[in-house]
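Let me begin by presenting the structure, written as structure tokens, before commenting on it.
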Ligand SMILES: NC(=O)c1ccc[n+]([C@@H]2O[C@H](COP(=O)([O-])OP(=O)(O)OC[C@H]3O[C@@H](n4cnc5c(N)ncnc54)[C@H](OP(=O)(O)O)[C@@H]3O)[C@@H](O)[C@H]2O)c1
């Protein structure tokens, strides 16, 4: 990966991959059920990771799912090398207040750099603590992360040309609002979680006008067992 910063780099190509229930939820309202799709869907997640320079997710996802954002298996490490990618994806965590737990599982595995994107809301003490456990902590925004600038920085500083977003709903919502998602991979699972507080694939403020909605075009769908895998591409 390039480590020299280049000005005015375009943002990377961004894919978002999510599994959701038939009622559009990505976890139960109490957040206890966060893994509910098939082994095939998990394989799909690793397949997508093996195409990306970096994988990104929000502080709550890192905490709740205990993900380490790795390759999954040796097969994917080999595939990455064959594709000219680094052995492991760069790991990016989003935490505007710096609330991410320093004891989270992701910090215990040192196979690739961990970058934290945060804002000026994070206290000096939080920043100090995070700088002790992450490879880089980047402040990019006053109250909210300026994702356009943050992703351009990831490209310029860390050579990220293809980034996989793995949620959760709040991070995705911000990416959609900033018009940064190029491709959406959705696995629809035939379950209903219900619950008005259950997270969806795009939470946060959302859009309030139809004309402002982020728009996608259907690219493909594939049914495997009871699940359907959709790919949508962004409409320019
Ligand atoms: N089904 C699936 O495919 C799937 C995938 C991923 C996650 N999930 C589930 O989704 C749930 C988590 O989703 P979530 O929406 O609650 O949390 P999340 O998006 O993972 O993380 C939210 C946190 O990210 C930071 N953040 C997000 N947007 C920001 C912005 N624009 N500016 C600054 N900081 C920002 C904030 O951190 P601070 O509080 O530190 O400021 C916020 O509290 C979990 O239950 C997880 O298991 C499901």
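The values are calculated or read from the model by the stated rules, or taken from the named source; none is laboratory data. Remember, predicted model here, so these are calculated numbers, not experimental data. In this analysis, Cβ positions are derived from the backbone assuming ideal geometry, glycine residues included, and neighbour counts consider all displayed protein chains.
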For the range 198-216, what are the residues that are farther than 16 Å from residue 175 by Cα and surrounded by 10 or more Cβ atoms within 10 Å (Cβ to Cβ)? 198
Total residues in the range 30-58, condition part of a loop (DSSP other than H, G, I, E, B), within 20 Å of residue 94 (Cβ to Cβ) and within 14 Å of the ligand (Cβ to nearest atom): 2
Identify all residues within the range 130-170 that are assigned to a helix (DSSP H, G or I), within 14 Å of the ligand (Cβ to nearest atom) and crowded, with 17+ Cβ neighbours inside 10 Å; write none if there are none. 130, 147, 150, 151, 169, 170
Among (1) over 15 Å from the mean Cα position of the chain (by Cα); (2) surrounded by fewer than 22 Cβ atoms within 10 Å (Cβ to Cβ); (3) near the ligand (Cβ under 10 Å from one of its atoms), residue 63 falls short only on (1)
Quick one: residue 122 ticks every box in (1) farther than 25 Å from residue 27 by Cα; (2) outside any loop (DSSP other than H, G, I, E, B); (3) within 14 Å of the ligand (Cβ to nearest atom) bar one, so which box is it? (2)
Residue selected from the range 185-211 under the condition touching a helix residue (DSSP H, G or I) at 6+ places or on another chain (Cβ under 9 Å) and away from the ligand (no atom under 11 Å from the Cβ), by the criterion farthest from residue 33 (Cα to Cα): 207
Please find, among 17, 101, the residue that is outside any helix (DSSP H, G or I) and modelled with pLDDT under 95. 101
From the set of residues in the range 84-100 that are closer than 16 Å to residue 68 by Cα and away from the ligand (no atom under 16 Å from the Cβ), which is surrounded by the fewest Cβ atoms within 10 Å (Cβ to Cβ)? 87
Pick from the range 66-75 the residues that are more than 12 Å from residue 106 (Cα to Cα) and surrounded by fewer than 19 Cβ atoms within 10 Å (Cβ to Cβ): which of them is farthest from the ligand (Cβ to nearest atom)? 74
